[in-house]
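Please read the structure below before turning to the comments.
Coordinate-derived values only; no laboratory data. Fair warning: this is a prediction, and the values are worked out from it, not measured in the lab. As a convention, Cβ positions derive from the backbone with ideal geometry for all residues, glycine included, and neighbour counts pool all protein chains shown.
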Amino acid sequence: MNNAEAKARIATLTETINHHNTLYYIHNTPQISDYEFDTLLKELEALEQQYPEYQLPNSPTQRVGTDRDADFEQVTHQYPMLSLANTYSEEELLDFDKRIKKLMAENDLNIPYSYVCELKFDGVSISLRYENGILQKAITRGDGVQGDDVTANVKTIRTIPLSIATNNDLPEKFEVRGEIFMPNSVFEQLNEERVVAGEEPYANPRNTASGSLKQKKSSEVAKRKLDCYLYYLLGENLPYNTHSEAIKTLESWQFQISQTYQVCPDIQAVMEYIKIWEEKRHTLPLETDGVVIKINELALQEVLGFTSKSPRWAIAYKYKAQSVETTLQGITYQVGRTGAITPVAELKPVLLAGTTVKRASLHNADEIERLGIRLQDSVWVEKGGEIIPKITAVNLAKRQPDSQPLQYATHCPECNTPLIRKAGEAQHYCPNERGCPPQIKGKIAHFVHKKAMNINSLGEETIKALFEQGLVRTPADLYDLKEESLNFFYKDSQKKKNDDRLKVKNLLQGIENSKKQPFEKVLFAIGIRFVGETVAKKLAEHFQTIEKLQQATLEELQQAEEIGSKIAESLIDFFKEPTNQSEIQRLQQAGLSMVAQKDETNKESSLLEGKTFVISGTFEQLSRDELKTKIEANGGKVLSSVSAKLHYLIAGSEAGPSKLEKAKKNNITILDEKGFFELLG
């Protein structure tokens, strides 16, 4: 490689890695595996070492990946939160041990030392500050120097102590670091609920935990059932000689410590620990992706010190994603309630990460084309950081000579309607939403779900029976059911007849009780594409009635909090359909609530009635949530984005520059905290 080639490659790698850093830390949507990312980073590090004159100012080798979010107050870390050097190689671990010995020799140290091995949990790093035993701040890693203040959200995690019983050993101030994660069982349940709601399932627990922690409402964070393991104690003049002593102290203070850590006398014991946990880790309730190895002696840690990015006394060994080879025996196509077609790989059963895998999602036609997959191909399947198995590659050396390229389905596998694919979307759809059985039954199942109309007497089998009898084709049909039309449920024997009469009675009572559900639940139950539970609530709060929502323009819809162009366009398309208008009218006539229930308990005045606000930055007297509550208590509405129709932008310190620029461009009044209180008089 000559100088020009090296310069060009360094520039390309810098841009690529920074792009993937943004996807991982900010958007929580990684597109490549950790291994692929680390391989790119190592290549860049090697090139910069060889050609230092071409290193760019924004090189990712010189900084920690950042998850800082302008919507949260920024807090400077008292002790920088650095990343760890990592490796996938046992040889590099032996080199790490040699470097420790070399550094000790350079510092004239000839003392015994040990290692502490801890599993590397795949979650979100957090720093917890305590004063006098009380939790004061919870800060994300951010860029290692500054992080987001997520204290209110972290307080919803039950395993994190808000206060510690005072005792003689408790320092006045100390800091505890750990990893916030989403348990696998919670992740699986959350995805099941999203599928029922017609929403895209989340990719993996780590990104879901990160997104959950950055929710604007603590009440929403609490619903995600996050958990936390702590593994590091920091403070001034702490009376501990080793890291393991500090960990035991944290345990005595009631912090949750994973019992998987182990003190290892030498690097050979470290290797043994790594081998033991490579398989055993799959029995844990959370995702892990490696092992963190630290010098146990704190005095030696201090001597060894840090590089600009990481401590010299620690390293992370990362397990390669487990991958197995098996045969693709077929492809089936599933039809969701929205008509979305999902191709599923039918595999020859194979054991992977402790479970037998028979199927793997292929996502869409683009993914099949990218893989170049064919029937009877020998394929590699892995889980990695994802719970859902995926095909990663084809073993072309084993491809049959007579194999043919795959033709993606052209017609719905259930109703034979030609599939469509909208511009800019990855998935194919069956447009026959009123005649395709899985879509009809899926819409009804969504409508009766506990988070929608909550008709728990209507299970999958009952819905299927009602559909097959021709009694229910839309949710509104449920409210036309009469006891005499349900006698097909009755069995021959008298006992079974009595049981079935009770079943029918409960069914009709459940349908009747559902009329008490609030407007936001009804709106979610209707099943408008992209309108999930949270969006339905925002729409109900903003528009108050179904009539106002139906009549709203595209721009008016986007004035509502969290409503972007994609959701707004979906709402416009839904409400202009005569059949949808008729369905809503039938539901309204059946007695369902189509008007939001106003909460007047915290009403202060109507001074801000009809006025809209966007809040950006941090403030001295009130938090952002308190400002929002104040605005709403006086009749105003808080939006998430600046547009030409906005009335006021309330800008604190570190307000988003793009919001300020857009507000000035559109001549929108910009208020500081004092100006807002003056507006209230």
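For Gln404 and Gln50, compute 0.36 nm times the residue count separating them, minus their Cα-Cα distance, and round to one decimal in nm.
Numbers: separation 354, 0.36 × 354 = 127.44 nm, distance 4.65 nm.
Contour length minus Cα-Cα distance gives 122.8 nm.
Between Lys665 and Asp169, the simple spin-label model (points 7 angstrom out along Cα→Cβ) gives 5.9 nm. Considering only C-alpha atoms, what is the centroid distance from segment 148-181 to segment 82-138, in Å? Cα centres, segment 148-181 to segment 82-138: 21 Å.
Once the Cα-Cα distance is subtracted from the 0.36 nm per residue extended length, the Asn132 to Leu554 segment shows a gain of 146.6 nm. Given a cut-off of 21 Å, name the pairs among Lys155/Lys216; Lys450/Lys630; Lys348/Lys383; Lys516/Lys538; Lys275/Lys383; Lys611/Lys665 whose C-alpha atoms lie farther apart than that in the structure shown. Violating the 21 Å Cα-Cα cut-off are Lys450/Lys630.
Potential lengthening of the chain between Thr12 and Asn506 amounts to 171.4 nm, from the contour at 0.36 nm per residue minus the alpha-carbon distance.
Take the chain and mark each of the trypsin sites (Lys or Arg not before Pro) that is in a DSSP loop with at most 13 other Cβ atoms within 10 Å; the longest unmarked stretch, sites excluded, is 218-421.
Counting charges near Ser361 (Lys, Arg +1; Asp, Glu -1) among other residues having Cβ under 9 Å from its Cβ returns a value of +1. Give the calculated FRET efficiency between Glu5 and Lys515 to the nearest 0.05, with a Förster radius of 60 Å applied to their Cβ-Cβ distance. According to the calculation, E is roughly 0.25. If you look at the Cα atoms of the chain, you get an Rg and a Dmax of 28.9, 93 Å.
To the nearest 0.05, how large is the calculated FRET efficiency for Glu220 and Asp108 if R₀ is 56 Å and r is the Cβ-Cβ distance?
Values: r = 56 Å, r/R0 = 0.99.
Plugging the Cβ-Cβ distance into 1/(1 + (r/R0)^6) gives 0.50.
Between the beta carbons of Gln621 and Lys248, assuming R0 = 56 Å, the FRET efficiency works out to 0.85 to the nearest 0.05.
Taken over segment 323-398, the convex hull of the Cα atoms encloses 92 Å³ per residue. Comparing Cα centroids, segment 268-295 and segment 629-681 end up 50 angstrom apart.
Rounded to the nearest 5, the antiparallel percentage of DSSP beta bridges internal to the chain is 85%.
Free of any GluC sites (Glu not before Pro) that DSSP assigns to a loop and that have at most 10 other C-beta atoms within 10 Å, the longest stretch within the chain is 237-599.
Its alpha carbons considered, segment 612-679 gives a radius of gyration followed by a Dmax of 10.8, 29 Å.
Placing unit charges on each Cβ (+1 for Lys and Arg, -1 for Asp and Glu) gives the chain a dipole about its Cα centre, and among Ala209, Gly470, Ile455 the Cα reaching farthest toward its positive end belongs to Gly470.
Summary of the geometry: segment 409-456 and segment 537-560, compared by the centres of their Cα atoms, lie 25 Å apart.
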